[in-house]
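K.L.:
My structure is below; once you've seen it, I'll send some questions.
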Amino acid sequence: MHTLDTDDRGVSEVIGAILVFGILVTLLGIIQAQAVPNQNQEIEVQHTAEVESDLINLHQTISAVSANGNGQSSSISAGTDYPSRLLFFNPPPVQGKIETSDPQNITIENIEADNSEVQDYVSSGSPNSIVINSSRLRYRAEYNEIQNEPTVRYEYGVLYSRFDDGLTVKNEGAVIDGPRINLLGIEGNYSTASSRQQSLSVEPVSAPARSVSISGDGSGNNIEIELQSNLSASEWRELYDPSSSSRIVGISNSGSNRVLFELDPGFDYELRLSKVALEQGVSKTEPAYIVPVQPGVTNAGVGEPVIVEYEVRDRFNNPVSGVTVEVEDPAGRTVATKTTNSEGRVTAQVTPPATQDYTGTIDLSGTSSTSCGSGKCEADYRTQVPRISLNPFTGVIVEGSQTGDAIGNINTGLDDETVSILLNNTDQTDSAKIQSLRINHYSPDPNGHSPVEFRNSSGESVDNIVIGGGFKDSTNSNIDALAPIPAGGEEEFAFVFNGSVSQGHYFVVTVIYDNQRARYFISPQGTSPLL
């Protein structure tokens with residue numbers, strides 16, 4: 001019998017190959033289990049920084065759109081992917097979700113607007129309030145490696161990141177900024193989830209933002225601003241410390257995710273509201289009220305055309321374009337029908353026969369507006385006739401004139417022989433003393449009312465002023481007895497004619513104040529009170 005001997009040639013090489021393969025597999029497993037996740041986590045951290053930068057840029061875009069009313073776009077790196085790896089596996093790409101919350105009311109109460117037309121709108125709320133609504137913006141990414149991923153929120157211009165263990169504020173906003181109140185709102189139901197870069201279209205809803213002057217309504221109650229927020233009252237106090245501002249009375253929680261700001265009603269404030277949308281096709285706000293464009297009054301000579309101008313605003317106090325406005329005279333006759341321009345304004349040329357108001361009325365047909373109620377849909381623009389100063393640099397203007405009994409102590413009982421005027425000194429620093437005066441011309445009969453007497457409210461007079469004659473001054477009259485018009489004040493004077501003066505008559509007067517000359521065109525307006 002033959003013995004079969006075993007052959008162990010090559011055994012060591014096979015074992016070595018198996019060991020090397022095992023080490024390689026183990027190494028690949030370690031890399032897959034540790035190195036790849038670490039690298040992916042670094043990518044996710046970088047993406048978080050990119051998103052925060054993108055959201056800061058979005059805030060700047062929103063602020064610009066609210067300020068100028070022109071739509072812009074902004075991009076956000078919503079999600080991210082991982083680099084391809086030949087021998088290793090990656091988790092699915094990171095998806096980030098951008099969405100708006102449900103709209104919630106913002107109320108501003110116990111306020112009074114300086115402008116009477118704005119106050120018509122404010123006083124329609126109770127108690128003296130403005131109510132608007134706004135959504136808030138939220139971003140969150142579902143990372144594969146980062147465990148404490150933040151939720152980034154944008155509320156009323158405040159941008160912050162909420163972590164499980166704290167809060168990081170990226171932009172403090174300016175909700176309460178000294179005398180300024182700024183509330184920036186968001187409209188629309190926006191929601192998108194993506195692992196790629198997203199372009200957001202920021203469109204104006206109520207913009208450009210206008211400021212209106214407000215203060216407390218006199219009730220003694222604090223001005224209150226209540227809004228929905230995911231920031232607590234204590235976190236708001238860290239942003240706007242009441243102890244560092246004499247205007248902020250307090251900041252407190254007023255309900256579930258609601259915060260109440262209380263402001264001192266004894267101060268004046270500039271209220272600035274605006275609203276944007278993060279998508280196209282969102283309707284702009286409807287008209288809420290109309291105001292005369294400042295100063296709300298203009299002057300003209302008899303038969304002289306002038307321009308009246310109105311502005312239509314929404315509930316955010318911002319201009320609304322494309323709204324029809326009818327302009328009527330006091331008799332109810334339509335003198336113009338215009339559509340508001342991009343600034344929410346319309347103009348109309350009118351020729352007032354006398355001092356009177358022209359009424360601009362919003363035509364709500366074709367709109368869905370229900371907020372423009374009685375008193376808010378119309379506004380008056382005053383045209384003063386006549387009151388013309390050919391040399392306004394004196395700073396003294398004729399505010400009004402009337403025939404008949406003068407007010408005060410001026411020649412009561414002279415009836416239609418007296419023309420009473422009110423001179424207003426617009427100079428807030430210096431008084432205006434009459435040095436001399438003359439009556440250049442009287443129409444229709446230049447010789448029918450001579451001479452003329454000029455008196456002030458204390459009864460001092462300048463006699464024998466000849467129509468078309470020379471100046472009366474201290475050398476030929478007691479003009480020095482006439483009291484000066486105080487700085488920023490007014491004084492009533494009367495021209496006493498030797499004959500009847502009627503509405504429609506006019507005369508031209510030249511007055512020298514402290515060596516400054518002014519010429520006035522005066523036409524009595526009947527026996528109504530001074531304008």
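Just so you know, all these numbers are worked out from the coordinates, no wet-lab data involved. This one's a predicted model, so the numbers in the text were calculated from it and none came from an experiment. Don't worry about glycine lacking a Cβ; one is built from the backbone with ideal geometry, like all the others, and counts go over all protein chains shown.
K.L.:
Lysines near residue 170 by alpha-carbon distance under 24 Å, same-chain residues fewer than 8 away left out - which ones?
P.N.:
Partners found: 97, 275.
K.L.:
Excluding residues fewer than 8 places away in the same chain, name every one of the lysines whose C-alpha is closer than 24 Å to that of residue 472.
P.N.:
Straight-line reach from residue 472, under 24 Å: 433.
K.L.:
For residue 376, go through the aspartates and glutamates and keep the ones whose alpha-carbon is under 17 Å away, minus same-chain ones fewer than eight residues off.
P.N.:
Within the straight-line cut-off, residue 376 pairs with 112, 114, 117, 120, 286, 309, 311, 314, 326, 328, 357, 363.
K.L.:
Here's another thing I want to ask about it. Might you report the magnitude of the Cβ-based charge dipole of segment 47-277 about its Cα centre, with Lys and Arg at +1 and Asp and Glu at -1, to the nearest 20 debye? Please list the in-between numbers first.
P.N.:
Working: 16 positive and 31 negative charges, 145 e Å.
Roughly 700 debye, rounded to the nearest 20.
K.L.:
I've got another one for you. Sorted by packing (mean other beta-carbon atoms within 10 Å per residue), highest first, where do 216-222, 252-258 land? Before the final figure, lay out the partial values.
P.N.:
Working: 216-222: 14.7, 252-258: 12.1.
Taking the mean over residues of other Cβ atoms within 10 Å, the ranking is 216-222, 252-258.
K.L.:
Please work out how much length the chain gains when fully extended from residue 126 to residue 95, using 0.36 nm per residue of separation minus the C-alpha to C-alpha distance, in nm with one decimal. Walk me through the numbers on the way to the answer.
P.N.:
On the way: separation 31, 0.36 × 31 = 11.16 nm, distance 4.57 nm.
Computed gain between residue 126 and residue 95 is 6.6 nm.
K.L.:
For the ranges 131-137, 350-356, 183-189, what's the packing order if you count other beta-carbon atoms within 10 Å of each residue, average per peptide, and put the highest first?
P.N.:
Numbers: 131-137: 19.3, 350-356: 17.6, 183-189: 21.9.
In descending order of packing, they fall as 183-189, 131-137, 350-356.
K.L.:
How long are the three semi-axes of the equivalent ellipsoid for the chain, computed from the Cα gyration tensor as the root of 5 times each eigenvalue, in whole Å, largest first? Can you show the working numbers first?
P.N.:
Details: eigenvalues 1232, 101, 78 Å².
Values for the chain, descending: 78, 23, 20 Å.
K.L.:
Nearest 10 degrees, 0 to 90: what angle lies between the long axis of helix 36-68 and the longest principal axis of the chain (Cα atoms)?
P.N.:
That helix lies at roughly 10 degrees to the long axis.
K.L.:
Further, regarding this structure: May I ask you to derive the FRET efficiency for residue 18 and residue 53 from their Cβ-Cβ distance with R0 = 60 Å, giving the value to the nearest 0.05?
P.N.:
On the way: r = 51 Å, r/R0 = 0.86.
According to the calculation, E is roughly 0.70.
K.L.:
Binning at 5 angstrom from zero up to the longest distance, how are the C-alpha pair distances of segment 166-290 distributed in percent?
P.N.:
Reading upward from the zero bin: 2, 9, 15, 17, 19, 17, 11, 6, 2, 1, 0.
K.L.:
If packing is taken as the average number of other Cβ atoms within 10 Å across a peptide's residues, how do 95-107, 55-67 rank, most packed first? Can you show the working numbers first?
P.N.:
Values: 95-107: 16.8, 55-67: 19.2.
Averaged packing, sorted descending, gives the order 55-67, 95-107.
K.L.:
Which of 128, 105, 76 sits farthest toward the positive end of the charge dipole of segment 58-132, with +1 on the Cβ of Lys and Arg and -1 on the Cβ of Asp and Glu?
P.N.:
Result: 76, furthest along the dipole toward the positive end.
K.L.:
Which three extents, in whole angstrom, do the alpha-carbon atoms of segment 47-277 cover along their principal axes, largest first?
P.N.:
Each principal axis gives a Cα extent; for segment 47-277 these are 76, 37, 25 Å.
K.L.:
Just to confirm my numbers, what's the Cα centroid distance between segment 452-522 and segment 34-108 in Å?
P.N.:
74 Å
K.L.:
Given charges of +1 on the Cβ of Lys and Arg and -1 on the Cβ of Asp and Glu, with all other atoms neutral, how large is the dipole of the chain about its Cα centre, in debye to the nearest 20?
P.N.:
Details: 32 positive and 68 negative charges, 163 e Å.
For the chain, the charge dipole is close to 780 debye.
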